Amino acid sequence: MRIDDILARKQTFSFEIFPPRGELPVEQAVGIAREMSADKPDWISVTFSAGGSGNSANTAAIASRIQEEAQSCALAHLTCLGSSRADVDGYIDQLHAGGVENVLALRGDRAPGREEIDFAHASDLVSHLKSTAPWLCVGAACYPEGHLEAQSLAADIEHLKAKQDAGADFLVTQLFFDNELFYRFREACVRARIKIPITVGIMPFTSTKQIQRMAFTCGATIPAAVIKRLAAAGDDPADQARAGVEYACEQLRDLAANGVDGLHIYSMNKPAVAHATRLALTECGYLGA
Ligand code: FAD
């Protein structure tokens, strides 16, 4: 199943599987996906060496097993810094053999030993995939607050337009904690004639430490409303995690009320967190019961 076909029919709801350190064993990842599939996501995405962690060997295998055993459509991430065309083609062959038709085409973060070989930007990867594997549905990343390296949000949106022009079929946003920033970004995309669907990525934060790390690694603004909730939660890890889920559910309900193409949950391998978001979106009528 292609994600652009699903997006053409409905507002979507999706989850992510993320190998945090080292390789996430395939069996464990498939077990998590099976649990998450009880909440009937439209797809489950699988990250590729996120944060330069090197954990990419199992991405294609996990994506394929998700489709076979969790009966959910899979979106396999792929980064291109440090990869040659032959590396990319080999990965796409693996996806093809495993019946996976959806790829999120990314540049990847700069890291020592991860220099440009054949691809400088994600738009180069999108072009390559569209010309060599026309059967693929290709997504790309976008940044409501601008990518950390971008000179300005306007420059970043110009580069985003290049991904659409290269053939990207849909977008997934970086996480953010202030919905107003997304609404402004969406208007800027309309002005820039970006017309492909934008699915919104929301991460239920799990602790004060984790949200601080996210702020530094992806430049997300932490609004006062989040700081107040974490202050009220104090040092208790369970209260901090509960505050994260509650805040994310409020963000999701507001986004649902403001009409989005799709909602993607950075579910951090936690089926219970994914389930809480499904309940919130069912209660507000975004999802059917
Ligand atoms: P690009 O689109 O190439 O953009 C990177 C920077 O280059 C931006 O500042 C952009 O403005 C600029 N730029 C783009 N084109 C040009 C141009 N032609 N000329 C000059 N400047 C240009 N990382 C992982 O390692 N694994 C993952 O699985 C993963 N999943 C992700 C999923 C999502 C939804 C998101 C939002 C990010 C994900 N990342 C992942 C992180 C991502 O790899 C980084 O944010 C990376 O730094 C940029 O990737 P990109 O695809 O947006 O790159």
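Taken together, the values in this text are just the output of simple stated rules run on the coordinates, not laboratory data. Since the structure is predicted, the reported quantities are computational estimates derived from the model, not experimental observations. Here the Cβ is made from the backbone with ideal geometry for all residues, glycine too, and neighbour counts use every protein chain on show.
Each Cα pair under 8 Å and six or more residues apart adds its separation to the average, and for the range 3-283 the resulting relative contact order is 19 percent. With the largest listed first and rounded to whole Å, the semi-axes of the equivalent ellipsoid of the range 12-160 from the Cα gyration tensor are 25, 17, 16. Take the cross-link list Lys209/Lys270; Lys195/Lys270; Lys40/Lys228; Lys130/Lys195; Lys40/Lys163; Lys40/Lys130 and give me the ones stretching past 23 Å between alpha-carbons. As for pairs spanning more than 23 Å Cα to Cα, those are Lys195/Lys270; Lys40/Lys228; Lys40/Lys163; Lys40/Lys130. For Val226, neighbours were defined as the other residues whose beta-carbon sits under 13 Å from its Cβ, and their charges (Lys and Arg +1, Asp and Glu -1) total -1.
Using only the Cα atoms of the chain, each taken as one equal point scatterer with no solvent, compute I(q) by the Debye sum, divide by I(0), and report log10 of the ratio at q = 0.09, 0.13, 0.15, 0.16 Å⁻¹. So the normalised log intensities are -0.39, -0.87, -1.21, -1.40. For the pair the range 129-168 / the range 216-289, the C-alpha centres are spaced 26 Å from each other.
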